[in-house]
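The values are calculated or read from the model by the stated rules, or taken from the named source; none is laboratory data. Since we're looking at a predicted model, the values are computed, not measured. Counting neighbours? That spans all protein chains shown, and the Cβs are built from the backbone with ideal geometry, glycine included. Each accessible area value is taken on the protein alone, full model and side chains, heavy atoms only, with ligands, DNA and RNA left out. Shrake-Rupley method; radii C 1.70, N 1.55, O 1.52, S 1.80 Å.
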Amino acid sequence: MEVTAGIFLKEKRVLLMRRAPGQNAAGGWEYPGGKIEPGETGEQCLRRELREELCIDAEIGAKVAESTFTTDEKVIHLHAYHVTQYAGEIQLTVHDQMEWVPLEALLDHDQLPADYLISRTLLEVFP
């Protein structure tokens, strides 16, 4: 499964979202994004997903990290892109919380496994 994640970075803080009750992986912290549809690039997917999930219009920059995580049922390949800017106010639709997390506290949140691997890479990329 090919999936995207948006990395919002502001003043050495990164945006994490918590999956709402009733959602798949409820309670897990993650980077916003979603599954790449056939015919989409990673950047197109992330722009669409951020519009659907957060109600914002985002500009997608460079890929900053990737991770691969295997579950009993599937292999998740997560492509993380820097969100350079966005228009609109973030609204929670599939998440029940959001938090701008200081980089030094990034690994303290109970993140979904593929997102945790991205966070470890981010700490190397954005020291």
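Structure data summary
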quantity	calculated
Any chance Glu37 is exposed (fewer than 12 other Cβ atoms within 10 Å of the Cβ), in a loop (DSSP other than H, G, I, E, B) and in contact with a Cys (Cβ under 9 Å, 6 or more places away or on another chain)	yes
All positions within the range 43-56 that are open to solvent by 10 Å² or more (accessible area, probe 1.4 Å), farther than 11 Å from Val83 by Cα and not acidic (Asp, Glu)	Gln44, Arg48, Arg51, Cys55
Whichever residue in the range 15-35 is modelled with pLDDT of 90 or more and aliphatic (A, V, I, L, M) and, among such residues, is farthest from His95 (Cα to Cα)	Leu15
Residue check, His109 open to solvent by 20 Å² or more (accessible area, probe 1.4 Å), modelled with pLDDT under 95, under 15 Å from the mean Cα position of the chain (by Cα) and within 16 Å of Phe8 (Cβ to Cβ)	yes
Checking Ile118 against (1) in contact with a Cys (Cβ under 9 Å, 6 or more places away or on another chain); (2) among the β-branched types (Val, Ile, Thr); (3) assigned to a helix (DSSP H, G or I), the condition it does not meet	(1)
Residue check for Lys12: farther than 24 Å from Ala105 by Cβ, surrounded by fewer than 16 Cβ atoms within 10 Å (Cβ to Cβ) and charged (D, E, K, R)	no
Test: residue in the range 40-51 that is free of Cβ contacts under 8 Å to residues at least 60 places away in the same chain, of a type in the set (A, V, I, L, M, F, W, C) and in contact with a His (Cβ under 6 Å, 6 or more places away or on another chain)	no
Filtered residue count, the range 14-44, keeping only those that are under 12 Å from Val3 (Cβ atoms) and within 9 Å of the chain's Cα centre (by Cα)	5
Flag for Arg47 being part of a helix (DSSP H, G or I), within 13 Å of the chain's Cα centre (by Cα), at pLDDT 95 or above and not small (Gly, Ala, Ser)	yes
Residue in the range 64-84 that is buried (at least 16 other Cβ atoms within 10 Å of the Cβ) and in a helix (DSSP H, G or I) present	no
Number of positions in the range 85-103 that are assigned to a strand (DSSP E or B), open to solvent by 50 Å² or more (accessible area, probe 1.4 Å) and of a type outside the set (Gly, Ala, Ser)	7
Among (1) charged (D, E, K, R); (2) surrounded by 18 or more Cβ atoms within 10 Å (Cβ to Cβ); (3) more than 17 Å from Arg120 (Cβ to Cβ), the one test that Glu30 misses	(3)
